[in-house]
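Here the structure comes first, spelled out in structure tokens, and everything after it is commentary.
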Amino acid sequence: MLGLIVDVIIYIFLIIGVFFNFLAGFGLLRFPDVYTRLHAGTKCTTFGSIFITGSVIILGLKMWYLGSADGSVLAIHTAGALIAILLTNPTGAHAIARAAHRSGVKPVAAIVDGLDEMNKKTIKKPNEKKEVKK
Amino acid sequence: MIAFIVTSILCFIIYLLLTTGSGTLGLWSLEEILLGIILSLITGFVTRKVFIKKDYRMLNPVRWFTFLIYIIGPFFIGMAKSNIDVAYRVITGKINPGIVKICPDLKTDLGITLLANSITLTPGTLSVDIDEEKNNLYIHWINVNEKKLKGETVETKYICGNFEKWIRRITE
Amino acid sequence: MIEYFNEYIIVLIALLICVIMSIIRVVRGPTAPDRIVGLDTINTIVISSMVIFGAAFREVIYIDVAIVYALLSFISTLFIAKYLEGGDY
């Protein structure tokens, strides 16, 4: 009986995870510019990955409880993969957004763009630096 | 010296996590543990100055405990909200974007990093750039509320709720 | 005959469809940052599908590969972003 409940929880987690990964792909196709695509591509895949790895962790704990030595290894290593995803994903998104803005991609239909004026004041464009060196 | 010990212990814990199930001594074999001790001592000696820069504030276990509560409680709820929000915008296509500036009152680098990552994973916002002198963050907001704008600046509580208080409690 | 579990294979097929949707964005994307966003999404989906592979075949080695893949793809994303940004390295 307990095993059945655990199985149902695993399936529900898998369905939620696949649904959010689908939303990520769909948002990538539907949104109009880089920044809004980053919203879809980062948040939805991170949340979906949490649920997918969570289902595998529950599976490993269940196997461990039933007496298989592989189960503990499965659960602990999957937790390591989850921590790696949580640390690296938002940082990568931040790097892409910053690179996109500095390489000159403007947000579509933006109401305000506070960063644009800050860039003009403080950051030297890479071309200007090269001219100074010559 | 403290930096060397802390870095070595952290490396040893990560090594143990990656080699579970290799033998009979608990979950590990004796050879793996000995090799792990030697390797983590070498790694700790080489990287001790990169990892901890004269700031021993984060060694306090109370801060780790607060951090764990923050991850499980308000952070996870904010993340669930943000995903439902993005799902709504993907399906209906209603967007109203813009880049705004916020001025969080945090001093340490670790605090700013945590806040930027939290903002990226929570409702409708994405950190784009940072002013390293004044610690101002520039945020891409997917649904700009024009009533709350003051020029380009928005108060921090409209962007990320009470995350700033939590992070100040963790890092300062 | 290798033993495997059907329900995880179905999840893998669904994740494959997500990867195909991202590949369309990588091919069509008008600017270079668009393509990187697609690649980043593909990386994360590949990590989670490697974890699912590990569960389907009950093999731990796939999950170790997933951890290493996560860290390497993060470094490659950072490097491409730095290259786009220009300036000194």
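Observations, loosely collected:
- Calculated Rg and Dmax of the range B:2-54 using C-alpha coordinates, Å: 12.1, 40
- Crossing angle, helix B:61-70 versus chain B [Cα axis fit, 0-90 degrees, rounded to tens]: 40
- Gain on full extension, evaluated as 0.36 nm per residue between B:GLU172 and B:THR24 minus their Cα-Cα distance, stands at 49.0 nm.
- The mean count of C-beta atoms from other chains within 10 Å of the C-beta of residues in A:59-71, rounded to a whole number, is 2.
- Beta bridge orientation in chain B: antiparallel %, DSSP, nearest 5: 85
- Measuring against 26 Å, Cα to Cα, the residue pairs B:LYS53/B:LYS81; B:LYS53/B:LYS165; B:LYS81/B:LYS134; B:LYS81/B:LYS157; A:LYS62/B:LYS81; B:LYS49/B:LYS107 contain B:LYS53/B:LYS81; B:LYS81/B:LYS134; A:LYS62/B:LYS81 as the ones spanning a longer distance.
- Rg and Dmax of chain C, Cα atoms only, in Å: 15.8, 55
- Computed from Cα positions, the angle between helix B:30-51 and the longest principal axis of chain B comes to roughly 50 degrees.
- Interface burial for A against B (accessible surface, 1.4 Å probe, total of both chains, Å², rounded to 100): 3700
- Helix B:76-92 axis versus longest C-alpha principal axis of chain B: approximately 50°, rounded to the nearest ten.
- Compactness index (Cα Rg / 2.2 N^0.38 Å), the protein assembly as shown: 1.04
- From the alpha carbon centroid of the range A:1-50 to that of the range C:5-53 is 12 Å.
- For the range B:2-54: relative contact order, % (alpha-carbon pairs under 8 angstrom, 6 or more apart): 51
- If you plug the beta carbon distance of C:ILE20 and B:MET1 into 1/(1 + (r/R0)^6) with R0 = 35 Å, you get a FRET efficiency near 0.05.
- A convex hull fitted around the alpha carbon atoms of the range B:59-171 yields 92 Å³ per residue.
- The protein assembly as shown - mean residue ellipticity at 222 nm from DSSP helices (-39,500 (n - 2.57) per run, n ≥ 4, rounded to 500): -23000 deg cm²/dmol
- Relative contact order (%) - criterion: Cα under 8 Å, at least six apart; region: the range C:1-61: 46
- When the Gaussian network model of chain B links Cα atoms closer than 10 Å, the mean-square fluctuations of B:LYS101, B:LYS53, B:LYS157 top out at B:LYS53.
- Simple point charges give the picture: +1 on the Cβ of Lys and Arg, -1 on the Cβ of Asp and Glu, and for the protein assembly as shown a dipole about the Cα centre of about 1300 debye.
The values are calculated or read from the model by the stated rules, or taken from the named source; none is laboratory data. Worth saying up front: this structure is predicted, and the values here are computed from it rather than measured. Cβ coordinates were reconstructed from backbone atoms using ideal geometry, including for glycine residues, and neighbour counts include every protein chain displayed. Just so you know, the surface numbers come from the protein's heavy atoms only, side chains and all, with ligands and any DNA or RNA stripped out. Shrake-Rupley method; radii C 1.70, N 1.55, O 1.52, S 1.80 Å.
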